[in-house]
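Before anything else, here's the structure in question.
Nothing in this text is a laboratory measurement; each read-out follows from the coordinates by a stated rule. Owing to the predicted nature of the structure, the values given are computational and were not obtained by experimental measurement. Neighbour counts run over all protein chains shown; Cβ positions are idealised from the backbone, glycine included.
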Amino acid sequence: MSLKLYLLRHGETTASLTGSYCGRLDLELTPSGAEMAKDFAKFYQDLPWTAVYCSPLKRTLATAKPICELLGLDINLRDGLKEIYYGQWEGKSPEEVNQEYHDDYVRWLADPGWNAPTDGEKGIDISRRSSEVLEEIEHTHSSGNILIVSHKATIRIILCYLLGIDVGRFRDRIGMPVASVSVVELARHGPLIHVMGDRSHLRQDLRKRLGT
């Protein structure tokens, strides 16, 4: 049996609704976001899970909690799975950032791998810290299904790292909808992606609301 990584983005928050830069702001899930977490747990409860690794922020913990409580799984918290730190942009909309930090914003849009939000993190910094968690998982678990609950930018950067995509292209090469799961098998010949940004585990009314 090979090692499979299930990369789950947390459920809906007020920031994911408005499109503002959330980063390290420790937001709770919305009521719909909590239902998304329950839907994931119900859909995937019969999968034999080996371990769960999770960002320590409230929105990711609340997303991991239903399946962990249902199956009696421990949650392994890792700072390396936190969302990008947006620095001075946290809590602001893209329009506000463009107006207040225009030059930094233009540089970041051009290459977020090597340019950081004002006083924030570069994509390569996120790649380094998240790859340390992946290395730990590989060294600890030779096979099985591993759930990784993290954030939009962080998951996209992890996928870039695994698939050999330039980290500077994480924003314009990979989409990662709220409450979606991506599945990567660490196979004999390297990482093999099976699923990308899937939300079929969500109930029909939530999918309709999200336009999927």
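Can you compute the modelled spin-label distance between His141 and Thr18, with each label point 7 Å from Cα toward Cβ, in nm?
The two pseudo-label positions are separated by 3.5 nm.
Based only on other Cβ atoms within 10 Å, what is the fewest-to-most ordering of Met176, Met196, Met36, Met1?
Met1, Met196, Met176, Met36
With each run of n ≥ 4 DSSP H residues scored as -39500 (n - 2.57), what mean residue ellipticity at 222 nm is computed for the chain after dividing by its residue count and rounding to the nearest 500 deg cm²/dmol?
After summing the helix terms and dividing by residue count, I get -12500 deg cm²/dmol.
Return the subset of Lys58/Lys208; Lys58/Lys82; Lys4/Lys58; Lys92/Lys208; Lys38/Lys122; Lys4/Lys208 for which the Cα-Cα distance in this structure is over 22 Å, preserving the input order.
Lys58/Lys208; Lys4/Lys58; Lys92/Lys208; Lys38/Lys122; Lys4/Lys208
Binning at 5 angstrom from zero up to the longest distance, how are the C-alpha pair distances of the chain distributed in percent?
Spelled out bin by bin, the chain gives 1, 7, 16, 20, 20, 17, 11, 5, 2, 0, 0 percent.
Suppose the chain between Glu100 and Leu210 were pulled fully straight at 0.36 nm per residue; how much longer would it get relative to their current alpha carbon spacing?
36.5 nm
Would you calculate the separation in nanometres between label points at Glu28 and Tyr85, each defined as 7 Å from the Cα along the Cα-to-beta-carbon direction?
2.6 nm
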